[in-house]
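Step one of this worksheet: look at the structure below.
The values are calculated or read from the model by the stated rules, or taken from the named source; none is laboratory data. As the structure is a prediction and not an experimental result, all values here were calculated from the model. Don't worry about glycine lacking a Cβ; one is built from the backbone with ideal geometry, like all the others, and counts go over all protein chains shown.
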């Protein structure tokens, strides 16, 4: 059948929209068209080309997954998002996810453990759970089970004290409503209300020693309060 038109996609150079003379049309990986030397005006079997396109999509999906995983550990949700943004069909994405899991390139449980090991000294359990569940899309029960295994209430409290001591510079302590600012900071860091209040109460009522930071350190802390990528 005659290929009537091949439409380039500015936002997606890895695909083309192929339109046949009877208005049959579908997206096809650019690489597949190049391999077959197909241009506008050429003849091709739509069914055969569609099958080849499916195999081409799997190759593209694997390329995306390998590239992303080589840069940093990813969750299944993150890989699916990247493939979806690249117009990869669900079937090809499913096949790629299954392959990555089979070869242990994709392992959400290992990702949780690595993430906690890397970020666990800086953030509280609530922040860690939010990032892993809501941002990375990992199963909540899996995240909570590993958090329970790797953290403790005692360690969480001590970590909150260290965060508070770093935050409470001379400028913060002499400002208006320093306790409220401290509580907001601990909440941002992911400590639950019970832990945050326990720390704030000891610091402000019992005079726990604060390691006052310089104004420069305080400025850095203030800028960090605004958030940002982990």
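The table below lists the values:
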| item | result |
| --- | --- |
| Matching residues in segment 36-49 - criterion: being exposed (fewer than 15 other Cβ atoms within 10 Å of the Cβ) and in contact with a strand residue (DSSP E or B) (Cβ under 9 Å, 6 or more places away or on another chain) | 39, 40, 41, 42, 43 |
| Identity of the residue in segment 139-189, in a loop (DSSP other than H, G, I, E, B) and touching a helix residue (DSSP H, G or I) at 6+ places or on another chain (Cβ under 8 Å), that ends up farthest from residue 75 (Cα to Cα) | 175 |
| Candidate set: segment 8-22, residues that are loosely packed, with under 13 Cβ neighbours inside 10 Å and in contact with a strand residue (DSSP E or B) (Cβ under 8 Å, 6 or more places away or on another chain); chosen: the one modelled with the highest pLDDT | 8 |
| Residue under evaluation residue 110, criteria (1) within 23 Å of residue 196 (Cβ to Cβ); (2) in a helix (DSSP H, G or I), criterion not met | (1) |
| Extreme residue, farthest from the chain's Cα centre (by Cα), among residues of segment 10-54 that are in contact (Cβ under 8 Å) with a residue 24 or more places away in the chain, closer than 19 Å to residue 83 by Cβ and assigned to a loop (DSSP other than H, G, I, E, B) | 14 |
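Here's the yes/no breakdown for (1) exposed (fewer than 15 other Cβ atoms within 10 Å of the Cβ); (2) within 12 Å of the chain's Cα centre (by Cα); (3) within 30 Å of residue 30 (Cα to Cα); (4) assigned by TED's automatic domain parsing to the domain that holds residue 57:
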| site | (1), (2), (3), (4) |
| --- | --- |
| 78 | no, yes, yes, yes |
| 86 | no, no, yes, yes |
| 93 | no, no, yes, yes |
| 114 | yes, no, no, no |
| 123 | no, no, no, no |
| 135 | yes, yes, no, no |
| 139 | no, no, no, no |
